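Notes to accompany the following structure.
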Amino acid sequence: MKITDITIRHLQMKLKDPFTTSFGTFTNKEFLLLEARDVEGTIGWGESVAFNSPWYNEETLKTNWHMLEDFLIPLILNKELNHPDEVSEIFSSIRKNNMAKSTIEGAVWDIYAQQTNQSLAAALGGKKDKIEVGISIGIQKSIEDLVALVDGFVKEGYKRIKVKIKPDWDIEVMRTLREKFPDTAIMADANSAYRLEDTALLKQLDAFDLMMIEQPLASDDIIDHAQLQKQLKTPICLDESIHSLEDARKAVELGSTGIINIKIGRVGGLSEAKKIHDYCAANNVPVWCGGMLESGIGRAHNVALTTLPNFILPGDTAGSNRYWEKDIILPEVVATNGYIDVPQTVGIGYEVDREAVESFTIAKKNYN
Ligand SMILES: O=C(O)CCC(=O)c1ccccc1C(=O)O
Ligand SMILES: [Mg+2]
C-alpha cells in the first residue's frame, strides 16, 4: 500500500435529539472525515471522533485538522506500507493526538482489508457474524422522561442500558430505573463528574445491581479509581483514563478497573485497540466498544472491532437511526433486537453515500 492522495472533509450532522453528559450537551455533530486513496486506486475511509470542544479530552476537530495537515499526512503520504500496524509506528514520533492519528490509521485498515479481499472485521481477526449492542442515554429534564426513553429502548431490544450520571442526577435516577426495570442490564457513566471524597455517595449505587460504573473519577486518574474500587462492589470501567496498552496494563495491575471501554480514536487506532483487547483477554478483563456519536463510517469501524472475541459485553454502537435522520453509509447500521449483523463484504462493509457526504460537508481540502 502507498497512500498518494488524501481528502479531509469537515461535516456537520444534526443529531435527532440533543445528547447531554456531565460535561456538556451535543446538538450538532461536527467532525472530520478522511478519504485516502492508494496508488492502486483503492479508497479507504476514516472518521475523527474529536468533538468541537475539548470536553471529553483535549483534542478538537481543529487540533485534529492541524495535526493531520502539518504532521501526520506528511509522514504517511507516498510511504510504502506492508501492514496497517506500521502506521502507529510511523506516528510514534508524535506525542498523543490519538484521535487525529486514528483518523488516518482507520482509512489504511479499510484499504488493507479491501486489498487482501476480506472484511475489516476479518482483517482484524474477528470471527463473530453478529454483535450484541446496548445504548447510551444522556441526562434528561426529568426522571419520567428518562424512564419513558429507557422503556422504548428496552422494547427495541437493546441488550444493555447505559445512562449518564452527574451530581444530583445519580442515586434517585438509578434507584428508579432499577425499580422500573428489574431485569434489565443497567450501567451508569459519570464522565469524571466525581472525586474520591464522593465515595460514600457512590457506594449507594451498589444497591442497584449495576453492571458497572464507567469513569466515575478524574479523566487522567488511575490511582483514586483503585482506592474507590476497593470500597465498591460494582465494577469500575475506565473510559477517559485509558489511551494505550500501557495505560490498560497499569490500570489493571493497580486494580483501578475491572472492565475496559475501548474507543478506537481514544487509543490512537485499531492496532492499539486490538493490543488492548488481547491484553485484556489474557488477563480476564472483559472489554466493550465505546461510542462517540459516530457517523456511519466510524460506526462501521466499531462494528468490525467488536467482532473480536473478548468484546464480551454489549457496547455503545447503537443503530444509525438512534442518532441521524439520514446517515452517510448505505445500508445504515441497523440494530435488531440488540444485534447488528456484521457485513461480510470487503473493507468496512458499507457503501459510502457520497451524495449524503457532500450534503453535510462544510469545508474540504485535498493533500497529495
Ligand atoms: O452513543 C454513543 O456513541 C456513546 C455516547 C457516549 O456515551 C458518549 C458520548 C460522547 C462523549 C462521551 C461518551 C462516553 O462514552 O463517555
Ligand atoms: Mg464514557
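Within region 338-350, is even one residue within 20 Å of GLU156 (Cα to Cα), in the same structural domain as ARG266 (by TED's automatic domain parsing) and within 15 Å of ligand 1 (Cβ to nearest atom)? Don't jump to the end; show me each part of the working.
Going residue by residue through region 338-350, those that are within 20 Å of GLU156 (Cα to Cα) are 338-342.
Adding the requirement that they be in the same structural domain as ARG266 (by TED's automatic domain parsing) leaves 338-342.
Those left that are additionally within 15 Å of ligand 1 (Cβ to nearest atom): 338, 340.
Checking region 338-350: at least one residue is within 20 Å of GLU156 (Cα to Cα), in the same structural domain as ARG266 (by TED's automatic domain parsing) and within 15 Å of ligand 1 (Cβ to nearest atom).
For region 250-266, state whether one or more residues are touching a His at 6+ places or on another chain (Cβ under 9 Å) and assigned to a helix (DSSP H, G or I).
Checked against the condition, which is being touching a His at 6+ places or on another chain (Cβ under 9 Å) and assigned to a helix (DSSP H, G or I), region 250-266 yields at least one hit.
Take VAL267 and decide whether it is farther than 23 Å from ASN97 by Cβ and either of a type in the set (A, V, I, L, M, F, W, C) or away from ligand 2 (no atom under 16 Å from the Cβ) (or both). Break it down stepwise before answering.
Numbers: farther than 23 Å from ASN97 by Cβ: no; either of a type in the set (A, V, I, L, M, F, W, C) or away from ligand 2 (no atom under 16 Å from the Cβ) (or both): yes.
No, not satisfied.
Which condition breaks for ALA185 when tested against (1) more than 15 Å from ligand 2 (Cβ to nearest atom); (2) within 22 Å of PHE23 (Cα to Cα); (3) aliphatic (A, V, I, L, M)?
(2)
Quick one: TRP55 ticks every box in (1) under 20 Å from ILE94 (Cα atoms); (2) surrounded by fewer than 20 Cβ atoms within 10 Å (Cβ to Cβ); (3) in contact with a strand residue (DSSP E or B) (Cβ under 8 Å, 6 or more places away or on another chain) bar one, so which box is it?
Just one mismatch for TRP55, condition (1).
Of the residues that sit in region 286-310 and are farther than 24 Å from ARG9 by Cβ and open to solvent by 10 Å² or more (accessible area, probe 1.4 Å), which one is nearest to ligand 1 (Cβ to nearest atom)?
The residue in question is PRO286.
When the residues of region 138-151 are filtered to those that are open to solvent by less than 30 Å² (accessible area, probe 1.4 Å) and part of a helix (DSSP H, G or I), which remaining residue is farthest from ligand 2 (Cβ to nearest atom)?
It comes out as VAL147.
Pull up region 167-198, narrow it to residues that are in a loop (DSSP other than H, G, I, E, B) and aliphatic (A, V, I, L, M), then point me to the one that is nearest to VAL154 (Cα to Cα).
Filtering region 167-198 for residues in a loop (DSSP other than H, G, I, E, B) gives 167-168, 170, 181-185, 190-195.
Then drop every residue that is not aliphatic (A, V, I, L, M), which leaves 185, 190, 193.
Details: ALA185: 10, ALA190: 21, ALA193: 26 Å.
Within region 167-198, the match that is nearest to VAL154 (Cα to Cα) is ALA185.
When the residues of region 77-110 are filtered to those that are surrounded by fewer than 24 Cβ atoms within 10 Å (Cβ to Cβ) and among the aliphatic types (A, V, I, L, M), which remaining residue is farthest from ALA121 (Cα to Cα)?
In this case the residue turns out to be ILE94.
When you go through GLU47, GLU30 one by one, which is the residue that is at pLDDT 95 or above, open to solvent by 30 Å² or more (accessible area, probe 1.4 Å) and among the acidic types (Asp, Glu)?
Details: GLU47 fails: open to solvent by 30 Å² or more (accessible area, probe 1.4 Å).
Matching residue, one of GLU47, GLU30: GLU30.
Hey, ILE186 hits all of (1) open to solvent by less than 40 Å² (accessible area, probe 1.4 Å); (2) hydrophobic (A, V, I, L, M, F, W, C); (3) touching a residue at least 40 places away in the same chain (Cβ under 8 Å) but one; which does it fall short on?
It fails just one condition, (3).
Does SER119 satisfy the condition of being more than 14 Å from ligand 1 (Cβ to nearest atom), over 17 Å from the mean Cα position of the chain (by Cα) and either hydrophobic (A, V, I, L, M, F, W, C) or over 23 Å from HIS301 (Cβ atoms) (or both)? Working first, answer last.
Working: more than 14 Å from ligand 1 (Cβ to nearest atom): yes; over 17 Å from the mean Cα position of the chain (by Cα): yes; either hydrophobic (A, V, I, L, M, F, W, C) or over 23 Å from HIS301 (Cβ atoms) (or both): no.
Against the criterion (more than 14 Å from ligand 1 (Cβ to nearest atom), over 17 Å from the mean Cα position of the chain (by Cα) and either hydrophobic (A, V, I, L, M, F, W, C) or over 23 Å from HIS301 (Cβ atoms) (or both)), SER119 does not qualify.
Taking the condition over 17 Å from TYR367 (Cα atoms) and modelled with pLDDT under 95, does SER22 pass?
Working: over 17 Å from TYR367 (Cα atoms): yes; modelled with pLDDT under 95: yes.
Against the criterion (over 17 Å from TYR367 (Cα atoms) and modelled with pLDDT under 95), SER22 qualifies.
Looking at region 204-217, can you tell me whether even one residue there is under 27 Å from PRO18 (Cβ atoms) and away from ligand 2 (no atom under 15 Å from the Cβ)? Talk me through it step by step, then tell me what you get.
Start the filter on region 204-217 by keeping residues that are under 27 Å from PRO18 (Cβ atoms), which leaves 205, 208, 210-217.
Going one step further and asking which of them are away from ligand 2 (no atom under 15 Å from the Cβ), we end up with 205, 208.
Looking for residues that are under 27 Å from PRO18 (Cβ atoms) and away from ligand 2 (no atom under 15 Å from the Cβ), one finds at least one in region 204-217, hence yes.
Here is a check on your reading of the model: is CYS280 touching a Pro at 6+ places or on another chain (Cβ under 8 Å) and at pLDDT 95 or above? Let's see the steps before the verdict.
Values: touching a Pro at 6+ places or on another chain (Cβ under 8 Å): yes; at pLDDT 95 or above: yes.
Yes, satisfied.
Would it be correct to say that SER244 is on the phi < 0 side of the Ramachandran plot, in contact with a Phe, Trp or Tyr (Cβ under 9 Å, 6 or more places away or on another chain) and polar (S, T, N, Q)?
Numbers: on the phi < 0 side of the Ramachandran plot: yes; in contact with a Phe, Trp or Tyr (Cβ under 9 Å, 6 or more places away or on another chain): no; polar (S, T, N, Q): yes.
No; evaluated as a whole, the condition is false for this residue.
Kindly list, by first and then second residue, each pair from a residue in region 277-298 that is in a loop (DSSP other than H, G, I, E, B) to a residue that is within 16 Å of ligand 2 (Cβ to nearest atom) and of a type in the set (Asp, Glu), limited to pairs with Cβ atoms under 8 Å and residues at least 6 apart or on different chains.
GLY290/ASP239; GLY290/ASP316; GLY291/ASP316
Could you say whether any residue in region 76-98 is in contact (Cβ under 8 Å) with a residue 12 or more places away in the chain and under 19 Å from CYS289 (Cα atoms)?
Yes, region 76-98 contains at least one residue that is in contact (Cβ under 8 Å) with a residue 12 or more places away in the chain and under 19 Å from CYS289 (Cα atoms).
In region 215-255, what residues are touching a Lys or Arg at 6+ places or on another chain (Cβ under 8 Å) and more than 16 Å from ligand 1 (Cβ to nearest atom)?
Correct list: ILE222, ASP224, GLN231, LEU232, LEU245, GLY255.
Can you tell me which of GLU40, GLU30, GLU59, GLU105 is in contact (Cβ under 8 Å) with a residue 24 or more places away in the chain, over 27 Å from ILE276 (Cβ atoms) and not in a strand (DSSP E or B)?
Working: GLU30 fails: not in a strand (DSSP E or B); GLU59 fails: over 27 Å from ILE276 (Cβ atoms); GLU105 fails: over 27 Å from ILE276 (Cβ atoms).
None of the others qualify; the one that does is GLU40.
The values are calculated or read from the model by the stated rules, or taken from the named source; none is laboratory data. All figures in this text were calculated on a predicted structure; none of them were measured in a lab. We place every Cβ from the backbone using ideal geometry, glycine too, and count neighbours over all the protein chains shown. Areas reflect the complete protein model, heavy atoms only, side chains present, ligands, DNA and RNA absent. Shrake-Rupley method; radii C 1.70, N 1.55, O 1.52, S 1.80 Å.
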